[in-house]
Each structure stands twice: as structure tokens, then as C-alpha cells.
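Below is one structure. I have some questions about it.
The values are calculated or read from the model by the stated rules, or taken from the named source; none is laboratory data. Note that this is a predicted model, so its numbers are computed, not measured. Please note: Cβ atoms are built from the backbone with ideal geometry, for glycine as well, and neighbour counts cover all protein chains shown.
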Amino acid sequence: MDSLSMRDLTAASIAEMDTKTLLSHANQQGIQRRYEDFLIVDVDGHHYENMSYSEIFEYIDDPVLRDQAKYQGYGRGGITTSSSGGGYQNLMGRVTRNPRESKEQTPPSPHRDITLTKRWMDALGIDIVMLFPTPMLTLGLTPRPEIEVALARAYNRWLCDKVLPAEPRIRSTLYLPLNDPEATYQTVKEFAGRKGVAGFTIVSPHYKAVYDNAYMKTYALLEEAGLPLVFHGAYAWGGDQSLQLCNKFIAVHALGFAWFNILHMTNWLVNGLPERFPKLKTVWVESGLAWVPFLMQRLDNEWMMRSSEVPLLKRRPSDYMREMYFSTQPMEMVHNREALELTFKMINAETQLLYSSDYPHWDMDLPSTIYDLPFLSEQAKRNILGGNAKRLFNLEPILSETKIKRLAARNAAE
């Protein structure tokens, strides 16, 4: 999939690393499939916000916490112990990107995050991206709620000041510090309406109940503003006692990303939140799709036997789930393609599924993962790759400069 072999990568100096070269095969896929003919929106692209910590930490209001962050850093040995522990996902599988990314050359302006993000977007054929942090995905596990609040607000302020206003192709659903319900509410009040803010995100590794009444005013505010609520999956090897029983990362990766979204969605449903906030759209990101039919069937079966326990639900749990939104990555590309096709039917994929790359992580998916599925119609492919996200996030379509040039060249040739 990537243009350089492992031998080439080993021989190349770090200074020679370039995103466009690394993704040249992906770029060729876009040319062959004529991605310039339609909009592609990536609802889960990542950057490594730790590369900009020197800027982000300056936004921390508390001078003591700001000093700790600047001189102790973030993660193990720093101001929080939120690290999920034991993770070594970049040592296996596909080409490792992010450690070399810190050495990639960029011009003085625009901001480095903008330049690097647009490079991989253009190579993959992506027009608009929802940009997420990476180390902060386990920040919710910190035993110090004030740390989550401080870093979340600093990151959100930095992103809204430095990145989002300068590039219309980059959007974000901002981080919600769920450990503090009042700070969560204030985050929505402060940042809703800022340029590039398309919604808000709960990072799923949390031990807070989403049905707690303390969060209801936040959900009401999101519903009133018409902004979706995203649940972004991640694993917690060191922070979750059940996953600590796993002795291989493959097991943690298989279970962890899906588990927290299974937990939060179940609580969301059985406590009647879709009925209490019928206009609030929820999006379940980076947890794959195979768990969704399981949970549909499991909860429907329980509902048929114990519907009196969930009096707020007027329909089967699966009926509400089919109105939710899901991201594609990591899509379980099993040999039994019939299972994937059935999953698409069960979740109304043509209108509810959103493409996500999860770039630059090792298990990323290119747009061809969707485009090449034989059981999808042309319209379904275009919906999933961009149309559904455009509708959900109320996006103005923006084609990349690369696609505009390709269209111009084609028109000139014709």
C-alpha cells in the first residue's frame, strides 16, 4: 500500500522522510478511481498534539499546572498518569509514521500541523477532515480531573486559535472533559460557534456514566445548537482491570476499542437518552462495525423480556441504533464478505456510515476500502465517503487543490 519498502525505510535518513512520498501509492489509487469527481470527508484523522505542547501548555490558565506541564511534560512521569500503559502498537503491522513525522521538513507558515495534515489529506484524496488528538485519547483515565479540564481547555483554545481558522478543510469535534460535568457544559458554551468546530467528543475510555443527570444540560445545549456528540473509541490496557487479563496487545486492540463504546451506547439506550434528546445526533468512532449487530441483537432480546425496566424506550434498541452514525475504521475486512454486507444493511450504512481513515495510525484505511466494495452502489459509495458527513456536520463542500487541478487538466484534455 505504501510506496517505500521496509528496506527503503530503514536505509532512508529521517531528514528524507516525506508524507507525499510515503503515500504515493495511495495517491495513485485516487487518480485511478477519479476521487476528484466527489467529496471525501474523513471523520477521524489524527495529529500528534504532543508535537505542539510548547504552544498548548501556554494556554493553561492555572499557573501551577502550567508550570508542571512545561517542566514535567505529559504522560508517564508528568502531570498525569493517563497513559494506557504497555501499548506497543507502532512496533507491529504497517509502516510506522508518527515517530519520523517530527523530523519532516515544513515551511515557516502556515502552522506545521496544517501543512502536515494537508499533505496526507491530499495524498489520500481527502477534502475535509475532522482532526482529533492522539495522546489525549486516554486523558480521561487520569486520577486528577483538574488535569483533564486544564489540558482539554488549553488544547481546544489552541486548536481554535492556531489551526481551525487558518484552514477551512480542517474541522474538529472538540474534546469534552467528562470527569468534570460543569467543565463539560462550559466547554460547549465557550466553543460552540467557533470557526471549524463541528461538534464535541467524548473520549470513550472513561469511568463516568453518560446517563448521570449532571450531563443532561450539556446534551440539551448540544441538541439546541445542532452539534453532534462523538464517542471516540480507544483502549486502556493499564487502566482497565478486565483488559489487564490480556497478555497480548492483539487482544487488547481487538476488545478495547469496541468495549468502551459498547458500554456507553448500552447505557445511552437503556436510560432512554434518544427519547429525551431526539434531535441530538451521536457518532461512534474508531471501534469498527462488527460489534454493532451483536449489540442490536443482544439488547433487542433483553428488551423483549424486560421492556418494563426501560419505560422511556418506545421502540426496540436496534431501531434507535439504526438512526445513529458510525465510522468505518477499523472496518473488519473478513474473508466472509457476506458478514460485512449484512452489517451494512443492519446499520443503514448508505445513510448512517461515515468514512474515516484514522491516519497516521498503523491500522489506517484508505478511501478505497469503501470505494472497492462490490456490494455498494455508486451513490452509496459517495454517501459513505463524504455525503453523509456533509449532511451530519452541515459542511460546505470544499475540494482539495489537488482535485481541482485534476479536474482542470481533464477538462482541458477534453
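For Leu255, which of the numbered conditions (1) outside any loop (DSSP other than H, G, I, E, B); (2) surrounded by 23 or more Cβ atoms within 10 Å (Cβ to Cβ); (3) touching a Leu at 6+ places or on another chain (Cβ under 7 Å); (4) not acidic (Asp, Glu) fails to hold?
Of (1) outside any loop (DSSP other than H, G, I, E, B); (2) surrounded by 23 or more Cβ atoms within 10 Å (Cβ to Cβ); (3) touching a Leu at 6+ places or on another chain (Cβ under 7 Å); (4) not acidic (Asp, Glu), only one is false for Leu255: (2).
Looking at segment 362-414, what helices (runs of 4 or more DSSP H) fall wholly within it and have at least 2 residues that are free of Cβ contacts under 8 Å to residues at least 60 places away in the same chain and exposed (fewer than 14 other Cβ atoms within 10 Å of the Cβ)? Break it down into steps so the answer makes sense when it comes.
Details: elements: 368-371, 378-382, 388-392, 401-413.
Because the criterion is at least 2 residues that are free of Cβ contacts under 8 Å to residues at least 60 places away in the same chain and exposed (fewer than 14 other Cβ atoms within 10 Å of the Cβ), the helices (runs of 4 or more DSSP H) in segment 362-414 that meet it are 378-382, 401-413.
Would you mind stating whether Met121 is among the aliphatic types (A, V, I, L, M) and modelled with pLDDT of 95 or more?
Against the criterion (among the aliphatic types (A, V, I, L, M) and modelled with pLDDT of 95 or more), Met121 qualifies.
Here are some residues: Ala220, Ala152. Which one is surrounded by fewer than 24 Cβ atoms within 10 Å (Cβ to Cβ), of a type outside the set (D, E, K, R) and modelled with pLDDT of 95 or more?
Matching residue, one of Ala220, Ala152: Ala220.
Looking at segment 179-188, can you tell me whether even one residue there is over 19 Å from Glu396 (Cβ atoms) and part of a loop (DSSP other than H, G, I, E, B)? Write out each step before concluding.
Looking only at segment 179-188, we keep the residues that are over 19 Å from Glu396 (Cβ atoms), and these are 179-188.
Okay, now just the ones that are also part of a loop (DSSP other than H, G, I, E, B), so 179-180.
Yes, that holds for at least one residue.
For the structure I just gave you, tell me whether Ala198 is in contact (Cβ under 8 Å) with a residue 60 or more places away in the chain, touching a helix residue (DSSP H, G or I) at 6+ places or on another chain (Cβ under 7 Å) and buried (at least 20 other Cβ atoms within 10 Å of the Cβ). So that I can check it myself, show each step before the final result.
Working: in contact (Cβ under 8 Å) with a residue 60 or more places away in the chain: yes; touching a helix residue (DSSP H, G or I) at 6+ places or on another chain (Cβ under 7 Å): no; buried (at least 20 other Cβ atoms within 10 Å of the Cβ): yes.
So Ala198 does not fit the description; no.
At pLDDT 95 or above and either aliphatic (A, V, I, L, M) or farther than 28 Å from Pro330 by Cα (or both), is that true of Ala234?
Working: at pLDDT 95 or above: no; either aliphatic (A, V, I, L, M) or farther than 28 Å from Pro330 by Cα (or both): yes.
No.
Can you name the residue in segment 226-250 that is part of a helix (DSSP H, G or I) and within 21 Å of the chain's Cα centre (by Cα) and, of all such residues, is surrounded by the most Cβ atoms within 10 Å (Cβ to Cβ)? Steps first, answer last, please.
Filtering segment 226-250 for residues part of a helix (DSSP H, G or I) gives 243-245, 249-250.
Subset that is within 21 Å of the chain's Cα centre (by Cα): 249-250.
Details: Phe249: 17, Ile250: 11.
Per the criteria, the residue is Phe249.
Okay, moving on. Please go through segment 273-332 and pick out each residue that is touching a Phe, Trp or Tyr at 6+ places or on another chain (Cβ under 8 Å), more than 24 Å from Phe132 (Cα to Cα) and assigned to a loop (DSSP other than H, G, I, E, B).
Phe277, Val310, Leu313, Arg316
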